[in-house]
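The values are calculated or read from the model by the stated rules, or taken from the named source; none is laboratory data. Everything numeric in this text was worked out from a predicted model, so none of it was measured. When we count neighbours, we look across all protein chains shown, and the Cβ atoms used for this are built from the backbone with ideal geometry, even at glycine.
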Amino acid sequence: MLHRAGEIELPVVRQTSLNPFVRRERPQQLPLIARTPVSCSLGQLGPIELTQVRRTGQEPLFNSLIEHHHYLGYEQPVGEHLKYLVWAQNRPIACLAWSSAPRHLGSRDRYIGWSAEARRRNIRFIAYNTRFLILPWVTVPHLASYLLGRMARLLSQDWERLYGHPIYFLETFVDPERFRGTCYRAANWVMLGRTTGRGKDDHTNRPNRSIKEVLGYPLTPRFRELLQGGCE
């Protein structure tokens, strides 16, 4: 401020450091990924493996596939998160990313019925599906809903292994202008409501982004009891 006001003279900046949390390099497109079409029934696809790749050598492949083939691109998650590559026929066919849930989400909070204090204490027991990608050259009916079912059986255990606590509830957003959310509904996810379209930092009380549908999936019949109470 003093320099701009002409009160002092600062030396010329010699180096501008890259802040990885502000300016993060985009994932590079990795070569040697088979793109020959996969078009068959789910049974004909063969064994399907879901691999958690965060903090492994396969994480760059996950990041690259999301960056170059998901319409939203790749964004580095903040907080607790897991990344999954789905393999079949010795090649990746899909990606799923999960992260910490938004703190305030009206339709979800009303569905759970928890207090503000319970939400503050227990929000860590909810995981948010931030990205779901079936690679564009893969056409396998019912694959997406099948993978959501597999994830519901895997995620809490993997989350507890890395972060020391389980997950009791899953949620996601669906943009109705682009998608119908058919695979989530086929996997028994529940429509909770819609977002306000204002975002978490809104100060105008007016929509400034597209309104999304909010879908949720309980991982245990006791999810309300566990999320409303004092979880250990």
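Across region 20-46, what is the number of residues that are farther than 16 Å from LEU65 by Cα and at pLDDT below 65?
Summing the residues that are farther than 16 Å from LEU65 by Cα and at pLDDT below 65 in region 20-46 gives 5.
Can you spot a residue in region 196-217 that is modelled with pLDDT of 95 or more and polar (S, T, N, Q)?
For region 196-217, residues modelled with pLDDT of 95 or more and polar (S, T, N, Q): absent.
Looking only at region 68-84, which residues are modelled with pLDDT under 95 and more than 12 Å from PHE132 (Cα to Cα)?
Selection gives HIS68, GLU75, GLN76, PRO77, VAL78, GLY79.
Could you please tell me which pairs satisfy a Cβ distance under 9 Å, a separation of 6+ or placement on different chains, a first residue in region 165-183 that is touching a residue at least 40 places away in the same chain (Cβ under 8 Å) and part of a loop (DSSP other than H, G, I, E, B), and a second residue that is among the aromatic types (Phe, Trp, Tyr) and surrounded by fewer than 19 Cβ atoms within 10 Å (Cβ to Cβ)?
Partner pairs satisfying both residue conditions: ARG178/TYR71.
Would you point out the residue of region 46-75, among those that are among the small types (Gly, Ala, Ser) and assigned to a loop (DSSP other than H, G, I, E, B), that is farthest from VAL138 (Cα to Cα)?
Checking each candidate, the answer is GLY57.
Under 7 Å by Cβ, and 6 or more places apart or on different chains, what pairs join a residue from region 55-70 that is surrounded by 15 or more Cβ atoms within 10 Å (Cβ to Cβ) with one that is hydroxyl-bearing (Ser, Thr, Tyr)?
GLN58/THR51; ASN63/TYR74; ILE66/TYR74; GLU67/TYR74
Quick check, is PHE169 under 19 Å from HIS69 (Cα atoms) and surrounded by 14 or more Cβ atoms within 10 Å (Cβ to Cβ)?
Criteria not met by PHE169.
Taking region 122-143 only, how many residues are of a type in the set (A, V, I, L, M), touching a Ser or Thr at 6+ places or on another chain (Cβ under 8 Å) and surrounded by fewer than 20 Cβ atoms within 10 Å (Cβ to Cβ)?
Count: 1.
Among the residues of region 88-121, write down those that are of a type in the set (D, E, K, R) and either closer than 26 Å to GLU160 by Cβ or surrounded by 13 or more Cβ atoms within 10 Å (Cβ to Cβ) (or both).
Residues satisfying the conditions are ARG91, ARG103, ARG108, ASP109, GLU117, ARG119, ARG120, ARG121.
Across region 124-164, what is the total count of residues that are touching a residue at least 60 places away in the same chain (Cβ under 8 Å) and basic (Lys, Arg)?
2
Return the residues of region 138-174 that are of a type outside the set (A, V, I, L, M, F, W, C) and under 14 Å from the mean Cα position of the chain (by Cα); say none if nothing qualifies.
If the condition is that a residue be of a type outside the set (A, V, I, L, M, F, W, C) and under 14 Å from the mean Cα position of the chain (by Cα), then GLU171, THR172 are the ones that fit.
Under 8 Å between Cβ atoms, which residue pairs at least 6 apart in sequence (or on different chains) link something in region 85-97 that is modelled with pLDDT of 95 or more with a partner that is in a strand (DSSP E or B) and exposed (fewer than 15 other Cβ atoms within 10 Å of the Cβ)?
Sorted first by the residue in region 85-97, then by its partner, the pairs are LEU85/THR51; VAL86/GLU49; VAL86/THR51; TRP87/GLU49; TRP87/THR51; ALA88/GLU49.
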